[in-house]
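Worksheet: the structure to be examined is printed underneath.
The values are calculated or read from the model by the stated rules, or taken from the named source; none is laboratory data. All values reported here derive from a predicted model rather than from experimental measurement. Virtual Cβ from ideal backbone geometry, glycine too; neighbours counted across all protein chains shown.
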Amino acid sequence: MQNSITLLGHTLGFISVALFFYSYQRTQKSKIMIIQTIATALSCVQYLLIGATSGFALNIVCIIRNFAFYYREKKNITDLFTPAFFGAAMAVVSWFSWEGVHSLLITLGLVVNTICMGVFDAKSFRKTILVSSTLILAYNLFALSYSGMLSESISLVSVIIGIVRYRRVPVKVTRAKEMGTGEKLAA
């Protein structure tokens, strides 16, 4: 029975891999967040099914964070409180779901991701994924989450593709698209 539960967990993880890859090819930060929220929910269940407590608990916080950031973006609100709040929430959740020193890897990765998601535009956010995905990949090695390892490896490749693909798109145009105006912002 345990093997079939673990297999189901890894299968859900592999589905989330495809969604994460797709999310990094989007130009609008809000669309990246929507797709990543769905992928994160699948990852959350995957961690639960394979017994990775920290991954499960922290991904629940990530789902709530993604909703908060999505609505914050829609209302065109920029603050430092929201990313700081969710970063602190992740630290607290990590303490309660402690599996060992390797829990720090996923915690740091997700806190970096949270702060950067809350502060940077899509182009800069992609670059920060290089740091956060590397830390989360290391956690997945310890947790023996094969789909998580694959997911973060593909995320790293995908984000590099996104960085290269959009490297010549001016930040001003990217921010205008994120705001949904489709026009360039004044300097």
request  = Take region 57-93 and flag every residue that is touching a Cys at 6+ places or on another chain (Cβ under 7 Å) and either buried (at least 21 other Cβ atoms within 10 Å of the Cβ) or over 21 Å from Leu42 (Cα atoms) (or both).
outcome  = Asn59
query = If you go through region 119-131 one residue at a time, do you hit one that is on the phi > 0 side of the Ramachandran plot and either surrounded by fewer than 19 Cβ atoms within 10 Å (Cβ to Cβ) or at pLDDT below 70 (or both)?
reply = no
ask   = For region 90-105, does any single residue satisfy the condition of being out of contact with any Leu (no Cβ under 9 Å at 6 or more places or on another chain), at pLDDT below 85 and either farther than 27 Å from Ile5 by Cα or not charged (D, E, K, R) (or both)?
value = no
key: Some residue of region 151-166 being within 23 Å of Thr78 (Cβ to Cβ), polar (S, T, N, Q) and part of a helix (DSSP H, G or I)   = no
query = For Glu99, all conditions in the list (1) in a helix (DSSP H, G or I); (2) out of contact with any Asp or Glu (no Cβ under 7 Å at 6 or more places or on another chain) hold save one; what is the number of the exception?
reply = (1)
request  = Would you point out the residue of region 9-34, among those that are under 14 Å from Ser155 (Cα atoms) and surrounded by fewer than 19 Cβ atoms within 10 Å (Cβ to Cβ), that is modelled with the lowest pLDDT?
outcome  = Gln25
